[in-house]
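In what follows, a structure is listed as structure tokens, so that the remarks can point back to it.
The values are calculated or read from the model by the stated rules, or taken from the named source; none is laboratory data. As the structure is a computational prediction, the values presented were derived from the model and not from experiment. Here the Cβ positions follow ideal geometry from the backbone for every residue, glycine too, while neighbour counts run over all protein chains shown. Heavy atoms of the whole protein, side chains included, go into the accessibility calculation; ligands, DNA and RNA do not. Shrake-Rupley method; radii C 1.70, N 1.55, O 1.52, S 1.80 Å.
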Amino acid sequence: MSFLTLAITLIFVIIPLNLSKTLNLGLEKDTIIATVRSIIQLLAVGYLLQFVFDSENILYILLMIILMIGAATQNARKKGITIPGITWKLIVTFCFVEILTQVILLGLNVTPPTPQYIIPISGMVIGNSMVLGILFFNRFTAEMSSRQEETELILSLGGTAKQAVHIPLITSIKASTIPTIEKQKTIGLVQLPGMMSGQIIAGADPVQAVMFQLLILFLLLTTAVITSIMLGYFSYPTLFNDRIQLLEERLEHLD
């Protein structure tokens, strides 16, 4: 695809801009900002990846992964900013799922140890963990706020902090992983996944494209569950003091 062809595709941006202006939706500014940012960011990443792929230097690969984890942490922490130590909790979670997936893939020779495989797969794994982290924090803070009286009742009856938050914690973990599971149920029927479609467009064998897509689906399912569980068990103790009393003032900040 040439830059001229890319410029032609801006038609798909002009259409929603005109519709927004006609219907007074007020989406013009955000649409333009999103378009400009996506062009700059993706082109910059494209040239950067080309340099990394050509060099095949392990240091550059690690720096790319660190950059991904840093960006994902910065974005996800905004939703859990009231939780003490949220930054390191996210970093540990993202690093764990990244190391786990790469150890399995590279250790069992599922994928070759080249930047063409390591970086894109790492991006999908870390990006999915980031989205799941945001979904979890949104649901967990809402559940804890709405179940405050129930939580305090369990504590007053001698229950532990873990027992008091069991229902909102499990509910939040399940709720944050449901989109990934439901999407996997309809994959191939409702839509062709992005990675699979890209490989087919590039001329790859459709069966091979399907196999790689299944690999990604299984990876994302694992990262979804692990991310939600780790963040859940990292986060809930911060809502209680040393005497296992619910910190009400912290819950007020979670609303």
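Close contacts from the range 1-30, counting a first residue that is closer than 19 Å to LEU43 by Cβ and a second that is assigned to a helix (DSSP H, G or I), with Cβ to Cβ under 6 Å and a gap of 6+ residues or different chains, come to VAL13/THR35. Within the range 148-160, being open to solvent by less than 20 Å² (accessible area, probe 1.4 Å) and part of a helix (DSSP H, G or I) holds for one residue alone: THR151.
Note on the range 15-33: residues that are of a type in the set (S, T, N, Q) and surrounded by 12 or more Cβ atoms within 10 Å (Cβ to Cβ) total 2. Here PHE96 does not qualify as open to solvent by less than 60 Å² (accessible area, probe 1.4 Å) and either within 20 Å of THR177 (Cβ to Cβ) or in contact with a Gly (Cβ under 8 Å, 6 or more places away or on another chain) (or both).
Across the range 16-33, not a single residue is classified as assigned to a helix (DSSP H, G or I), among the polar types (S, T, N, Q) and touching a Lys or Arg at 6+ places or on another chain (Cβ under 8 Å). Would you mind stating whether LEU217 is over 23 Å from ILE121 (Cβ atoms) and modelled with pLDDT under 85? When the stated conditions are applied, LEU217 does not pass them.
Taking the criterion of being more than 14 Å from PRO115 (Cβ to Cβ), open to solvent by 80 Å² or more (accessible area, probe 1.4 Å) and of a type in the set (Val, Ile, Thr), the only residue of the range 34-62 that qualifies is ILE40. When the range 1-14 is filtered for residues that are loosely packed, with under 10 Cβ neighbours inside 10 Å and β-branched (Val, Ile, Thr), the ones remaining, listed by number, are THR5, THR9, ILE11. What about SER145, is it of a type outside the set (A, V, I, L, M, F, W, C) and open to solvent by less than 20 Å² (accessible area, probe 1.4 Å)? The answer is no for SER145.
Pairs are defined by a Cβ separation below 6 Å, a sequence spacing of at least 6 or placement on different chains, a first member in the range 233-255 that is under 21 Å from THR93 (Cα atoms) and among the small types (Gly, Ala, Ser), and a second member that is modelled with pLDDT of 55 or more and in a loop (DSSP other than H, G, I, E, B); the pairs so defined are SER235/ILE83. Among the numbered conditions (1) open to solvent by 60 Å² or more (accessible area, probe 1.4 Å); (2) assigned to a loop (DSSP other than H, G, I, E, B), the only one that THR111 does not meet is (1).
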